[in-house]
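Engineer: Here it is: the structure, laid out below.
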Amino acid sequence: MGTVRRSEGRSVAFGPGALTGAIGDSITVIPLVVALALLTDVSLPHALVGFGVFQIVWGVRYGLPVSVEPMKALAALAIAGALTYAELALAGLVLGALLLAIGLTGTLARVERWIGEPVIRGVQFAVGLVLLETGVNLALGDPTLAAAGVAIAAVAAIAGHGKASALA
C-alpha cells in the first residue's frame, strides 16, 4: 500500500496486514472512546484526534504499533466514574510522558522482565470487569436501548461479521 521513510534510513511499509491491524484496534478503541465521550465531559473529536495522532507518530517513529492498553484502562476508569475529567487529563499526560521516556531510553526491555504476563492479564481482566459492571448498570437504566444494541451486535455476528459485532 505504501512506505514511509524514517530519519535513520529504515522505512515502515504499510500493507494489507497494517490495514487489518488498524481495523482490529478500532474495534476495541472506538467503542471505548465513544462511550467515554457520551458518559463523561470528554470531547469525542479531541479524544479521537489524540488517539489517532498518538498511534501514527508512535508507529512511524518506532516502526510498530503500540498497545493502547494503558489508555483503555484510563478510559474504563473514567467511564465507570472513578476518574473525573481533570484526573483523566492529568493521568493521560503523565502516562504519555512516561511512555515517551520509556521509549526514548529503551527501558521497556528492562521493565518487561519485572512485569510478568499474569500481571498484564490481571490488569486487562480488571478493566474488563469494570466495563462489564458499567455496561450492566447502563443496560438496566435503559433496557430497550440495551436490547437494540444486543440485537444489532447479534445480527452482525450471525451474518458472519463476528469481529464487527463488537463495533456494532
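Engineer: According to a simple spin-label model (label point 7 Å from Cα along Cα-to-Cβ), what is the distance in nm between Val49 and Leu98?
Structural biologist: Simple spin-label model gives 2.6 nm for this pair.
Engineer: Now for a different question. If you roll a 1.4 Å probe over region 115-163 with all protein chains in place, what percent of the accessible area is carbon or sulfur?
Structural biologist: Reported share for carbon and sulfur atoms: 76 percent.
Engineer: Not counting ligands, DNA or RNA, and with a 1.4 Å probe, what is Ile158's accessible surface area in Å² rounded to the nearest 10?
Structural biologist: Ile158 has an accessible surface of roughly 150 Å² with all protein chains in place.
Engineer: Still on this structure, I have one more. Considering only protein heavy atoms, what is the solvent-accessible area of Glu69 at a probe of 1.4 Å, reported in Å² to the nearest 10?
Structural biologist: Roll a 1.4 Å probe over it and Glu69 shows about 70 Å².
The values are calculated or read from the model by the stated rules, or taken from the named source; none is laboratory data. Quick caveat, the model's predicted, so the values are computed rather than measured. Virtual Cβ from ideal backbone geometry, glycine too; neighbours counted across all protein chains shown. These area figures cover heavy atoms from the full protein model, side chains too; ligands, DNA and RNA do not enter into them. Shrake-Rupley method; radii C 1.70, N 1.55, O 1.52, S 1.80 Å.
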